[in-house]
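Trainee: Mind looking over this structure? Questions follow.
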Amino acid sequence: MANNIQAIRGMHDVLPEQTPLWQYAEQGIRDVLSAYGYSEIRLPIVEKTELFKRSIGEVTDIVEKEMYTFDDRNGDSLTLRPEGTAGCLRACLEHGLLHNQVHRLWYYGPMYRHERPQKGRYRQFFQLGVETYGMAGPDIDAELILIMDRLWKKLGIRDKVRLQLNSLGTLAERHVYRESLVSYFEGRLEQLDEDSLRRLKTNPLRILDTKNPAMIDVVANAPVLTDFLGEDSLQHFNAITAILEDLGIGYELNSRLVRGLDYYSKTVFEWVTDELGSQGTVCAGGRYDGLIEQLGGKPNHAVGFAMGMERLLALMETQDQVQLASPVDVYMIRVGETAEQQGLRFAETIRNEIPGLKLQMNCGGGSFKSQFKKADKSGADYALILGDDEVGRGEVSVKPLRDNQQQQQNMSWTQAIKFLVGRVSLA
Ligand code: ATP
Ligand code: MG
């Protein structure tokens, strides 16, 4: 016999018992984004490999070793999207959305990276991406932070995340900084690990991002990017922190937050948590004006962020305040041929009369006893029971399944509908 086929390592099923939490978070996200006037954009999961090479850059972890790249039947090189920023910008350029226009967009869906799977790090994971175009800031930069602050509050995890903020300045300012950083590290080669020695040649700012405890000192004493910022970059940054202070949103300055991509400019930020071990970044973003030109567009402005859903949900699971709705409010039990037939009709009437009610029908017959067991397991608050007796009297028996104080009652169908309207929480 063949072995059962299993899912791909690092790619997970979301089982029915887990989906209510996902849906709760997704609904919260949609509500918050709509409160700020953002529109959804839906994008392909596969793009030309070239798009990611050109936008993310050849010397990044993603392009060097994490992409799922394959040739399609025509021999074109395609890649499962490792992130959404590139595809979103590609779509907006392709459809001419960036010409003299302002956009506030979001997308949601799976991303693919061939990383070593561990807690909070998977090969398929879900991201919410938010991208805005055409606004120079700093108010829009701050708005993105406000959106996330509101979402954390809505989902009850505000006290579990902290905002870290930095400015990367302009490309020119970063070049000067980069030189100073390289000469600092070159004077201390013996303190660098293998990874950092490699990055020193390719992407030295990324060394600041090291998670190696042995390198904490050498990184802590390195030159600081903030000291290299020009007037304009400083003003932009100070304006953001002023808005945050005015609205009472706490932040930490983290001069080692670099995000490692060349297209970032000025603002970068991360929302981090201490509750998820080393996979502590839940949401990351910043300003990336430069990417638009890099992908062939006219000079323009862009700022956005991406949030990892699995990390968000892991955080939500550390608190137990969320009351998730059961998938079933009412379970209908039918015994006997006439009851089965009438029950179907009654159930349709109930669904017409009480929009939002979740009524699950017992299918496949069975004794009262076995149907009651299923009713209990369904999570419903009430069972509606139709047997020959009830059918003969034109009634239905309503049995509370959770509240022992309530009596089982016989009533007419019309009465039963009235009874249910007041008693179930309609989503
Ligand atoms: P990390 O430093 O954790 O590798 P990153 O800089 O690669 O993160 P981004 O590309 O900025 O991550 O993606 C934004 C968010 O998406 C991350 O903050 C995280 O919440 C989530 N994320 C990134 N990679 C993964 C992954 N492999 N599995 C689960 N979530 C991920
Ligand atoms: Mg990564």
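Trainee: Answer yes if at least one residue in the range 172-194 is under 30 Å from G248 (Cα atoms), in contact with a helix residue (DSSP H, G or I) (Cβ under 9 Å, 6 or more places away or on another chain) and modelled with pLDDT of 90 or more, and no otherwise.
Mentor: No, that holds for no residue.
Trainee: Of D61, D141, which residue is under 24 Å from R287 (Cα atoms), crowded, with 21+ Cβ neighbours inside 10 Å and acidic (D, E)?
Mentor: Within the list D61, D141, the selection yields D141.
Trainee: On to the next question. Just checking, does the range 140-156 include any residue being more than 16 Å from ligand 2 (Cβ to nearest atom), part of a loop (DSSP other than H, G, I, E, B), farther than 30 Å from A222 by Cβ and out of contact with any Gly (no Cβ under 7 Å at 6 or more places or on another chain)?
Mentor: Scanning the range 140-156 turns up at least one residue that is more than 16 Å from ligand 2 (Cβ to nearest atom), part of a loop (DSSP other than H, G, I, E, B), farther than 30 Å from A222 by Cβ and out of contact with any Gly (no Cβ under 7 Å at 6 or more places or on another chain).
Trainee: Go through the range 32-89 and give me each residue that's β-branched (V, I, T), farther than 21 Å from P117 by Cβ and more than 16 Å from ligand 2 (Cβ to nearest atom).
Mentor: The answer is V32, I41, V46, T49.
Trainee: Do any residues in the range 371-389 that are farther than 22 Å from S412 by Cβ have Cβ atoms under 7 Å from those of residues that are at pLDDT below 95, where the two are at least six apart or on different chains, and which pairs are they?
Mentor: D376/L401; S378/V328; G379/S326; G379/P327; G379/V328
Trainee: So, one more: Quick one: how many residues across the range 72-122 are near ligand 1 (Cβ under 10 Å from one of its atoms), closer than 28 Å to Q27 by Cα and not hydrophobic (A, V, I, L, M, F, W, C)?
Mentor: Residues meeting the conditions: 12.
Trainee: Collect the residues in the range 31-47 that are farther than 30 Å from T79 by Cβ, assigned to a helix (DSSP H, G or I) and touching a residue at least 40 places away in the same chain (Cβ under 8 Å), keeping them in residue-number order.
Mentor: Once the filter is applied, which keeps residues that are farther than 30 Å from T79 by Cβ, assigned to a helix (DSSP H, G or I) and touching a residue at least 40 places away in the same chain (Cβ under 8 Å), the range 31-47 yields D31, V32, A35.
Trainee: Under 7 Å between Cβ atoms, at least 6 apart or on separate chains: pull out the pairs that start in the range 65-80 with a residue that is under 10 Å from V46 (Cα atoms) and end on any residue that is away from ligand 1 (no atom under 16 Å from the Cβ) and of a type in the set (K, R).
Mentor: Close Cβ pairs (under 7 Å, with a partner that is away from ligand 1 (no atom under 16 Å from the Cβ) and of a type in the set (K, R)) amount to L78/K48.
Trainee: Next question. From A325, A302, which residue is touching a Pro at 6+ places or on another chain (Cβ under 7 Å), under 28 Å from A25 (Cβ atoms) and in contact (Cβ under 8 Å) with a residue 40 or more places away in the chain?
Mentor: Going through A325, A302 in turn, the sole match is A325.
Trainee: Going by the structure shown, is N212 touching a Gly at 6+ places or on another chain (Cβ under 8 Å), farther than 16 Å from V268 by Cα, touching a residue at least 12 places away in the same chain (Cβ under 8 Å) and outside the structural domain of Y251 (by TED's automatic domain parsing)?
Mentor: Considered against the rule, which asks whether it is touching a Gly at 6+ places or on another chain (Cβ under 8 Å), farther than 16 Å from V268 by Cα, touching a residue at least 12 places away in the same chain (Cβ under 8 Å) and outside the structural domain of Y251 (by TED's automatic domain parsing), N212 comes out as no.
Trainee: Here's something else I'd like to know. Of the residues E58, E83, E50, which is assigned by TED's automatic domain parsing to the domain that holds Y263 and outside any loop (DSSP other than H, G, I, E, B)?
Mentor: E50
The values are calculated or read from the model by the stated rules, or taken from the named source; none is laboratory data. Quantities reported herein were computed from a predicted structural model and do not represent experimental measurements. Positions of Cβ are generated from backbone atoms using ideal geometry, with glycine treated the same way; all protein chains shown enter the neighbour counts.
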